[in-house]
Amino acid sequence: MPKYKPKGCKCGRSNAVNVIAANGSCNGTPPSPEPCFDVCTNPICGTPQYLTLLAPVVYDEIGINLCRQVTLAENFATTYPSAESATAEAVSVTFSTAPGEAPAITPISGRPNCYSVTLRSLTINFAVKLYDCAKRILAVLPVSASYLPASGTPDYTYFDEDTNPSSVELELYAPYGVSYSSADASAPVINYVGFLAGSSSPAQGLNMIVIPKVLSFDASTGEVSMGLTIYLKSIYYSQYLIPHNGRAVVPKGSLIPQEDSVCMEFVSGSLLDREIKPLELGPPHNEETLKNECENTGACCCPPAQTPPPAAGGGTVTGGGGTGGNTDATPPAPPAGNTDHDVEIEAESLPAPSESPDSLLNTLARLGSL
């Protein structure tokens, strides 16, 4: 099998692998003088200047606002007599599959990069939270309501030409196409990004996000005016180099230690984090070219350096012990922490007393220099 190697790198084969600690620490940074550096055996520590991210990129988007009355529950006043306010969350969206009621997604003739999307008969599944006067949650109610109702359906009574029409037609730029429900590419689909397991992530193609708001709340009847913002987006995954401001520091919660042990020391210590940085692909660093099988330049294990012990005793005196003998001695160091020393001045070194002011000043100057 052919193997890719960077140009100009002549590295020999070697089975030597630097030891990496079990906790994921790394060793090695690509030294500039080294002609060959293999990240397969020496992962690089640190933080990259740019991150290579595969991100869901929004190529185009458009939004609309809708509104209608929604009844939360029957006998609302008797069931929730202390309810004072409400908020809503759009958990999921159900698209009708009936003929003439399903969303229509068609490419625009003569404009292959754009699609016409007709929305109709959308059933929004809400999670409505009820609060009392102290903002305590009383209940979470599952409520469903149909928006953009089709003619002849029960929810058509909430039809309004301005706030809740029977359908809306939107135009969206989607240069890489749309997603389909099956491999025969006969039924384009819209992915709803909501709060249910399996439908909480964006997908390639057309995506929908719904944000509701309770505009008014009647505690006596349990009716709310539910406003709705519907975003339609064309999203495709693309790879980019992203600058960053370093790693995020996760706030750590601590437990009350019960006893002194290795486990408790770890639990009350710093959080673990991965140290090996991702390769910075492409210019300017081109670290993908560092996967080289380098020759082994040393032994796998090196014994610790042996330091000879210091000679016993203080300084030594060589030569004769008499007067005029050559000596090689180490004077004792002054006591630690004692920086004040008495200064002895021989009487012969001082001048005789004099009545002259100049002589007195010279004497004081000599004392100050000592």
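The values are calculated or read from the model by the stated rules, or taken from the named source; none is laboratory data. From a predicted model like this one, the values you see are computed outputs, not experimental measurements. So basically every Cβ, Gly included, is an ideal-geometry build from the backbone, and we count neighbours across all protein chains shown. We work out accessible area using only protein heavy atoms, side chains counted, and drop any ligands, DNA or RNA first. Shrake-Rupley method; radii C 1.70, N 1.55, O 1.52, S 1.80 Å.
Values as computed for the structure displayed
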quantity	calculated
Some residue of region 191-200 being over 15 Å from V91 (Cβ atoms), open to solvent by 40 Å² or more (accessible area, probe 1.4 Å) and of a type in the set (S, T, Y)	no
Residue within region 77-92 that is open to solvent by 70 Å² or more (accessible area, probe 1.4 Å), out of contact with any Gly (no Cβ under 7 Å at 6 or more places or on another chain) and β-branched (V, I, T) present	yes
Cross-chain or 6+ apart pairs with Cβ under 6 Å, region 200-221 first and free of Cβ contacts under 8 Å to residues at least 40 places away in the same chain, then not in a strand (DSSP E or B)	G205/V178; N207/V193; I209/V193
Condition met for A134 (surrounded by 14 or more Cβ atoms within 10 Å (Cβ to Cβ) and of a type in the set (A, V, I, L, M, F, W, C))	no
Some residue of region 63-72 being out of contact with any helix residue (DSSP H, G or I) (no Cβ under 8 Å at 6 or more places or on another chain), closer than 23 Å to P149 by Cβ and part of a loop (DSSP other than H, G, I, E, B)	yes
Options A86, A104: the member that is more than 23 Å from K135 (Cβ to Cβ) and of a type in the set (A, V, I, L, M, F, W, C)	A104
Residue ID - farthest from E275 (Cα to Cα), chosen from residues in region 242-252 that are in contact with a Leu (Cβ under 9 Å, 6 or more places away or on another chain), open to solvent by 80 Å² or more (accessible area, probe 1.4 Å) and touching a residue at least 12 places away in the same chain (Cβ under 8 Å)	P243
Total residues in region 222-248, condition in a loop (DSSP other than H, G, I, E, B) and of a type in the set (A, V, I, L, M, F, W, C)	1
Number of the exception - Y236 against (1) in contact with a Pro (Cβ under 8 Å, 6 or more places away or on another chain); (2) exposed (fewer than 13 other Cβ atoms within 10 Å of the Cβ)	(2)
Residue tally, condition under 29 Å from the mean Cα position of the chain (by Cα) and either open to solvent by 40 Å² or more (accessible area, probe 1.4 Å) or over 23 Å from S85 (Cβ atoms) (or both), over region 201-229	10
Exclusive hit being touching a strand residue (DSSP E or B) at 6+ places or on another chain (Cβ under 8 Å) and within 20 Å of F95 (Cα to Cα), set P188, P243	P188
Pairs with Cβ under 6 Å, 6+ apart, first in region 258-285 and outside any loop (DSSP other than H, G, I, E, B), second at pLDDT 80 or above	I276/P43
Which numbered condition G46 misses (of (1) among the small types (G, A, S); (2) more than 30 Å from the chain's Cα centre (by Cα); (3) surrounded by fewer than 18 Cβ atoms within 10 Å (Cβ to Cβ))	(2)
